[in-house]
Structure formats: structure tokens, C-alpha cells
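Please treat every number below as a calculation from the coordinates, not as lab data. Because the structure is predicted, anything quoted here is derived from the model rather than measured. So basically every Cβ, Gly included, is an ideal-geometry build from the backbone, and we count neighbours across all protein chains shown.
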Amino acid sequence: MKALFKKQTEPFVYNKYYLLVQKRWAERMKRATDGLSKTKLIWGLLFFTVVASGYLIYNLYRTFYKEAVIPAASKTKIFNLKN
């Protein structure tokens, strides 16, 4: 338990594939947003936030307030373990 509270002496090394994906994603996002003004970036962020929030709220509503269809329990199969 003491090991969890000790200060790390070695820096954490990320997996090379994780770093590659992170770099490619950053390059793609930079190319996609290069010509956009600050106003367009803000509107894009707001649009993304509204769509993601709406999807989350829809999933929560569907999970808690719709009547769930519960399939009937199947018959229990008895296996004879004695041979």
C-alpha cells in the first residue's frame, strides 16, 4: 500500500500505438479546422455539445422510463454429471 503513495521517479511511458493514434488524430483535427474562424469553431463546439447531450438524455429516458421488454425465463436444463 505504501507503494501507491510514493512519488514516481520514472516518467510514465505511453504505448507507441497510442502515441501514433494521438498524433494522427491531432493532425486530422488541425486540417479539419484550419480555415475556420473563432466564431465557427464555437458554433461547432456548441452543436457537438447539444447533439451529444441530446443523445445521452435520450438513452437515459429510454433506459429508465420506457417499459422494458423482459424475455421469459427459459426452462432450467439439468445435466447428469454422474457417468
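Counting Lys and Arg as +1 and Asp and Glu as -1, each charge on the Cβ, what is the dipole of the chain about the Cα centre in debye, to the nearest 20?
Its charge dipole is roughly 320 debye.
Give the label of the value calculated from the structure for Rg and Dmax of the Cα atoms in Å, choosing from [x] 11.7, 33; [y] 25.5, 76; [z] 13.4, 39.
Here the calculated entry is [y].
Among the lysines, select those whose C-alpha is under 27 Å from the C-alpha of Lys30, and discard any that sit fewer than 8 residues away in the same chain.
Leaving aside lysines fewer than 8 places away in the same chain, those within reach of Lys30 are Lys16, Lys38, Lys40.
Using only Cα atoms, tell me the angle between helix 38-64 and the longest principal axis of the chain; keep it within 0 to 90° and round to the nearest 10.
On a 0 to 90 degree scale, this one is about 10.
What FRET efficiency, computed as 1/(1 + (r/R0)^6) with R0 = 22 Å and r the Cβ-Cβ distance, is obtained for Arg24 and Phe47, rounded to the nearest 0.05? Could the numbers behind the result be given before it?
Working: r = 24 Å, r/R0 = 1.09.
So, using R0 = 22 Å, E works out to roughly 0.40.
Using r as the Cβ-Cβ distance of Gln8 and Phe79, and R0 as 41 Å, what FRET efficiency do you calculate, to the nearest 0.05?
So, using R0 = 41 Å, E works out to roughly 0.20.
Compute the helix-to-body angle for 16-33: its Cα long axis versus the longest principal axis of the chain, expressed 0 to 90° and rounded to tens.
Once rounded, one gets 60 degrees.
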